[in-house]
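Trainee: One structure follows; several queries about it will come next.
The values are calculated or read from the model by the stated rules, or taken from the named source; none is laboratory data. Note that the coordinates shown come from a computational prediction; the quantities given were computed from them, not determined experimentally. With ideal geometry, Cβ positions are generated from the backbone for all residues, glycine too; neighbour counts draw on all protein chains shown. Protein only, heavy atoms only, side chains kept; ligands, DNA and RNA dropped before computing areas. Shrake-Rupley method; radii C 1.70, N 1.55, O 1.52, S 1.80 Å.
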Amino acid sequence: ARLPANWKGKRPEAEPHAMHGLILDQVFDNVQLNADADAARVTATLEAGNFRGHWVSQMRLEFEARLDHRAFEFSITATNVGNEPAPIGIGWHPYFEFPSKNRRQARLHIPARSRALVNNYDDVFPTGEVVPVTGTPYDFSRPEGAPLGELFLDDCFLDLVRDEEGRVVAKVIDPEANYTLRIVGLSPQIKAFQVYAPVDKTFAAVEPQFNLADPFSPIWKGRDTGMVTLPPQQSVTYRV
């Protein structure tokens, strides 16, 4: 398989690479919207096949998004409808605004023991080195989180800690606005949170995902990088 090199950093020498997966620009099929005064739900399917020649086997994706007074829920079920095993990684890229617009005091809680180092914050290519967050500015593991301050983030947090129900729960906290939002990863296959939070912006993108970046690279030296291999006719569901 060959992935489209659709992204590069801002530096002149930056290397083009694949970014944001193979479904972001796809037109979905059978889009259905149901809504009443209490809730709204949209479903859709995507007969992705081999993703326009970029992947192996054949894949069907089923999407559901639901909003009610309690939560916004998002799920994708991927089914291998082909005849050979197919690896798949699923992630979501939601951005969360700090209502107070005061980024310095905004806090994050990420229940992770470690993070993956990158070559620089322009390419953001993983080096394969994984370091503990304890005792560093990147430790957001306490239940009350830690303030962002002036810390730039475009980091992959891993070795996630799950609660008694097997969920991984992150938080975006804005004390000044008396606001907390929880991001609850329900799928056991979620292995990482990518967090993107530029210093000069008033948001954080908190991205639960199955896999680490560049998951097939030899840099990982045998580490489980989170890719799920689906045998023919088997499914996996990403749910947040």
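Trainee: Using Cα-Cα distances under 8 Å and only pairs 6 or more residues apart, what relative contact order does the range 72-173 have, in percent? Don't jump to the answer; show the numbers that get you there.
Mentor: On the way: 135 pairs, mean separation 33.9, N = 102.
So the answer I get is 33 percent.
Trainee: Relative contact order of the chain: what whole-number percent is it, with Cα pairs under 8 angstrom and at least 6 residues apart? Write out the running numbers ahead of the final one.
Mentor: Values: 549 pairs, mean separation 49.1, N = 240.
Relative contact order here is 20 percent.
Trainee: When the accessible area of the chain is split by element with a 1.4 Å probe, what percent falls to carbon and sulfur? Numbers along the way, then the final one.
Mentor: Values: 6710 of 12980 Å².
Roughly 52 percent of what the probe reaches on the chain is carbon or sulfur.
Trainee: Return the single residue from Ala14, Ala112, Ala146 with maximal mean-square fluctuation; model: Gaussian network over the chain, springs between Cα atoms under 10 Å.
Mentor: Highest fluctuation of the listed residues: Ala14.
Trainee: Sticking with this structure for a sec: Using the Karplus curve 6.51 cos²θ - 1.76 cosθ + 1.60 with θ = phi - 60°, what ³J(HN,Hα) values do you get for each residue of the range 80-97, in whole Hz, with x for Gly and Pro?
Mentor: 3J(HN,Hα) across the range 80-97, in whole Hz: 7, 9, x, 10, 9, x, 9, x, 8, x, 10, x, 9, 10, x, 9, 10, 7.
Trainee: Calculate the length of the line joining the C-alpha centroid of the range 148-214 to that of the range 32-46, in whole Å.
Mentor: Their Cα centres are 26 Å away from one another.
Trainee: Considering only Gly91, Gly222, Gly82, give the residue with the highest GNM mean-square fluctuation for the chain, with springs between Cα atoms whenever their separation is below 10 Å.
Mentor: Gly222
Trainee: Who wins for biggest fluctuation among Ile190, Ile88, Ile219 in a Gaussian network model of the chain, springs between alpha carbons below 10 Å?
Mentor: Highest fluctuation of the listed residues: Ile219.
Trainee: Which longest uninterrupted range of the chain lacks any GluC sites (Glu not before Pro) assigned by DSSP to a loop state (not H, G, I, E or B) and surrounded by at most 12 other Cβ atoms within 10 Å?
Mentor: Details: sites that count: Glu13, Glu144, Glu150, Glu164, Glu165.
For GluC sites (Glu not before Pro) (loop position, at most 12 other Cβ atoms within 10 Å), the longest site-free span of the chain is 14-143.
Trainee: Also, quick follow-up: In Å², what does the accessible area per residue of the chain work out to with a 1.4 Å probe?
Mentor: On the way: 12980 Å² over 240 residues.
Ligands and nucleic acids excluded, the result is 54 Å² per residue.
Trainee: Which option, (1) 7, 28, 36, 24, 6, 0; (2) 6, 26, 26, 20, 12, 7, 2, 0; (3) 7, 24, 33, 24, 10, 2, 0, is the value of P(r) over Cα pairs in 10 Å bins from 0, in percent that was calculated from these coordinates?
Mentor: Checking each listed value against the structure points to (1).
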